[in-house]
1. What's the magnitude of the charge dipole for chain B around its Cα centre, counting Lys and Arg as +1 and Asp and Glu as -1 at the beta-carbon? Answer in Debye, nearest 20.
2. Residue by residue through the stretch A:206-223, which ³J(HN,Hα) values in whole Hz follow from phi under the Karplus form 6.51 cos²θ - 1.76 cosθ + 1.60 (θ = phi - 60°), with glycine and proline marked x?
3. Please give the peptides A:91-99, A:454-462 ranked by average Cβ packing (other Cβ atoms within 10 Å per residue), highest first, as a rough proxy for protection.
4. Note down, for chain A, the three equivalent ellipsoid semi-axes (square root of 5 times each alpha carbon gyration tensor eigenvalue), biggest first, whole angstrom.
5. For the stretch A:42-167, which whole-number percentage of the solvent-accessible area (1.4 Å probe, protein heavy atoms only) is attributable to carbon and sulfur atoms?
6. Helix B:104-119: angle to the longest alpha-carbon principal axis of chain B, degrees 0 to 90, nearest 10?
7. Of the peptides A:429-438, A:294-303, B:9-18, how do they stack up when ordered by the mean number of other Cβ atoms within 10 Å, highest first?
8. How high is the relative contact order of the stretch A:430-472, given as a whole-number percent (alpha carbon pairs under 8 Å, six or more residues apart)?
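The values are calculated or read from the model by the stated rules, or taken from the named source; none is laboratory data. All of these numbers come straight from a predicted model, not from anything done at the bench. For neighbour counting, all protein chains shown are included, and Cβ atoms are generated from backbone atoms with ideal geometry for every residue, glycine included. Calculation scope for accessible area: heavy atoms of the full protein, side chains included, ligands and nucleic acids excluded. Shrake-Rupley method; radii C 1.70, N 1.55, O 1.52, S 1.80 Å.
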Amino acid sequence: MAYTDKENENLGLDTGEELVPEPEVKDLVEDEFTELIDSGESFDTVEELCPICNKRTVDGNDGSGSRYCSVCRKDMLKTPLRWQGFIAAVFAILFSGVGFILMAFTGLIANTVSMADSFAKGKQMTGALNYYHEAYKLTQEYNSQLKADNLFNYGTRSFVKEMKITALTQSPLTVGQNLLQANVESSAFNRFKLRSLMQHKEIYEKFMETRKAVEPIFIDYEETEAAKIPYDEIIAKLDKLKEGENADKYSPYIIEYYKTYAAVIAEKGTEAELEHMLKVKELAPEAGWLYNYYLADCYNRLGDTENLLKICDDLISENKNSIQAYSLKARTLATKGDMDGAFGVYKELESYNAGSSAAYALSAELHRRNGDVDKAIEVCEEGFEKSEANTELFRQYAILQLLKGDKEKAYKAASDAYNSSYYSRDETLELINTVALCAKLAGEEEMYEESVAFLEEHGQALAPSVVGVIDGTLTLQDVFLKGKGDVL
Amino acid sequence: MSSLYILGKILSLPGAFLKAFWEHLVYKILKVPVESNAYLNIDEGLGHVEHDHPSSLLRLFLGNFLPGFLNFLLGLPPFLAGALGIVYLGVGPTVIETGAKAPIFYVYLLAYFIGGAFLCNIFPLLEDSHLLWEKLYSSKSNAGLIAKVLLFVPSALMLVGSYLEQYALNVLFMLVMLLVGIFA
């Protein structure tokens, strides 16, 4: 058979036959088909030629499915592998090995970040922040091990996520400050990725401007006695800032916050503080970081348990690791006599903050207030064993030892609490009063004097309950097993 | 369709070349005749080698499966490293906290590209996937029940994957993911 198609002309096949002129091809094909139909043979059995040699029939005609003839197949089996392929394969194996090492390092960082993400998703914000810090520390560790600065980093996306949580749990001011220090303006990539954080930078800048404008108003009254502070005049000056020509530079709610400060230094009372703080909330409902804990404190001082519990619930719903909010809520319920509710709050705290020494401290406090001092001591001792004991756990232990009558042990625990607070910077009025009480009862006059001096330095005095116990007008049981169950 | 396929293969050229080489090597081991060792012909066969029908179902399956599997094994670690670094962590060309240059970004980028190129070339040519499917599940199939059960998932995956590669959807996915990682 002869072919007329151009494709087969260049195959280099020496057919030795002359090509048939094109007009005759049609007749030839028609003849062949007619012959085939007349013979009654199936079309399937028409023998196909090998596409390589175009001479021999393909092996597949025997049912093997091959598309080539046996001779060409034999030749095809000898088609050599390309040397470039071997080089590519060796390169790929080496590159994959390096990729594996890189994946291992990056995977460990990413795994820590993913833990942080999952904590954040569960509203366990403190846990999330801890994991972001952990991821950051991991990159520093790798860099120092490999002696290469800035080789690994935990990425801009992780930074953005960490900053968003920081804004929520601490304050947007911290984030704004971090952004100013960070390399925000360096590239278009960063500007684009950090766009969701820019609002915090603006908040910080406005806060700084407001503070700059407010500071001169207060500067003369830092050492002034409360009674001599012209409260109304300060308030008027602060209000003026809201209307002046630079008014748009300042944040009205920050100005309102400074009014609360004025109420504090002028000792205008909790109601005045509350009033200003509620105004802050009204002006900037999103600034919970600024007003929530302060409002809770005001309600606590005023004994407004309903609003206090509401704020605690808000704080807990925003951050399941908000130990302070759980403690406040549990104490409020305990003071109301709802011990079941208080233990319920402790259980919730424990479920989101398992193993935390704050959970042991709260549990011990609730057992004590429930009258079960022995169980409370047991809880404290378990806390010392299983957690990194904090200031509050030592303080609770000191109170329990006082109730058990072991003044030396109580004083030692109070000293431990005091030392712990020095490092963790969590001195509270409750702590200093407890230390003073334990020191006095244990005959440690020097420490007692030091505690009283500390309170006076901060414009405070010994709590009436502590004075009452020292004077003998109150018993330890009155202070620690009844009412608020604490020195304050 | 053909130009999309060719564009996808060109964008993932390192993977296409290596895949064709693995195909050739595997077919040589399986004693399946291969027509030519031109791995990068710019046509519908780019990244594959023209070969004869394997004589048995096992050879056909291995010829379809092994070259892509090798590319998958080699491409996964660098791709994951690059994707975790750029897409998940969001590592950029500078360290955000310090403003220092971050050369690791370019390492991640290279790892993503090479690993991604390998992963974009893990499926057989569409006609080979179809052939395997027919040999396994067509009415004329004489494959045993065990083979049909065992090979169902891999051959179905290869068939679907071949379509993805035919329309360069895998390359598009990798590109979009990278752009999201860098900019979003």
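1. Using Cβ point charges on Lys, Arg, Asp and Glu, chain B gives about 380 debye.
2. So the Karplus estimates, Gly and Pro as x, are 5, 4, 5, 4, 4, 4, 4, 6, 7, 3, x, 5, 9, 4, 7, 10, 4, 9 Hz.
3. The packing order, highest mean first, is A:91-99, A:454-462.
4. Details: eigenvalues 1344, 194, 99 Å².
Square roots of five times the eigenvalues give 82, 31, 22 Å.
5. Roughly 61 percent of what the probe reaches on the stretch A:42-167 is carbon or sulfur.
6. Once rounded, the angle reads 10 degrees.
7. A:429-438, B:9-18, A:294-303
8. With pairs under 8 Å counted, the relative contact order is 41 percent.
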